[in-house]
Structures are given as C-alpha cells and as structure tokens.
1. Keeping all protein chains in place, calculate the accessible area per residue for the chain (probe 1.4 angstrom), answer in Å².
2. Scan segment 13-95 for GluC sites (Glu not before Pro) in coil per DSSP, keeping those whose Cβ has at most 15 other Cβ atoms within 10 Å, and list them by number.
3. I want the local charge near Leu78. Using Cβ-Cβ distances under 14 Å, sum +1 for each Lys or Arg and -1 for each Asp or Glu among the other residues.
4. In deg cm²/dmol and to the nearest 500, what is the mean residue ellipticity at 222 nm of the chain if only DSSP H runs of at least 4 residues count, each as -39500 (n - 2.57), divided by the residue total?
5. In percent, what relative contact order does segment 18-125 have, based on Cα pairs under 8 Å that are 6 or more apart in sequence?
6. Select from segment 1-32 those chymotrypsin sites (Phe, Trp or Tyr not before Pro) which occupy a DSSP coil region and have at most 13 other Cβ atoms within 10 Å, ordered by residue number.
7. Using a 1.4 Å probe on the protein chains only, how many percent of the accessible area of the chain belongs to carbon and sulfur?
8. If each residue of separation counts as 0.36 nm, what is the full-extension length gain between Asn59 and Asp97 once their alpha-carbon separation is subtracted?
Amino acid sequence: MGDAFTYEDIYELYRNERFSTDLQELTPGDLKKIKNYFEEKNKETKNQDQSLNLFSTHNRAKIQVELSNATRVVKDLLERRERKVISRAVFNSRSEDSLRDTSNMLKIEEELYDQLTVLLKRFRKGFLATI
C-alpha cells in the first residue's frame, strides 16, 4: 500500500482482520493514513459542494457513499479488534501463567488488554473467595 490509503486499502485491512482468528498487524502509521483518507475525501466533498454542475453533484454523491462505506468498515474493523483483545484478556485471566500476549496490538489496545486482565483476575478471585 502506498503513501495514501484508498477505500480498497481500508477494506483490505478489514478483510484480513475478519478472516483471521488472531489480531492482524495495524500500525499507528496505518491509522494516520486512514485519518488522512477521511480528511481528503471530506475536502473533496466540500470542493464539490461549491459547484452546481451535474457532474459535480454526481461525484459528490459518489464520494459520500464511499465515505459512508469506509466509516462502516472502520467501525467493523475496530469492533473485531476489540473482541479479539477482550478474548485474549479473558484467556489470560483464566490461565495460571501470566503470559502477556500483546502481539499486533496498538498501544491503546494494550492498555485495554492490561486493564481487562487485572479486572477479570480480581473478579475471579473475589468470586471464588465468596464460595
């Protein structure tokens, strides 16, 4: 994938995540490229708003549909990654050894993983202490 992301690049990240049971590599650079993609498309839409010709109107509608689809794909990508991080935290909280598996996690996902693991272990200990 080149310097700028396209909708196809974003969808490819999502597709890889969707068809893999483990977290796929997603870098802060990828997130920056996705952000830039949305900024560029929004600029294009604003530029198209200023023109009243039929071609511009059609082009603006096309860009808006693409933006809507890209937003949905990014949301689905986030939710899939979120579920995988939660699953790892649950597995880690249940195992006796404290192997911390944060491979392919973004920094913010690592923070979620660590906090969930601590919380789940505390819950498990407290629950078992009441029995």
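The values are calculated or read from the model by the stated rules, or taken from the named source; none is laboratory data. Predicted model only: the values in this text are computed from it and were never measured. Positions of Cβ are backbone-derived with ideal geometry, glycine not excepted, and every protein chain shown enters the neighbour counts. Just the protein is used for accessible areas: all its heavy atoms, side chains included, with ligands, DNA and RNA removed. Shrake-Rupley method; radii C 1.70, N 1.55, O 1.52, S 1.80 Å.
1. With the other protein chains kept in place, the chain gives 71 Å² per residue.
2. Here the sparse-neighbourhood loop sites are Glu25.
3. +2
4. Theoretical 222 nm ellipticity from helices: -26500 deg cm²/dmol.
5. Relative contact order of segment 18-125: 33 percent.
6. Phe19
7. 56
8. Difference between extended and current length: 8.1 nm.
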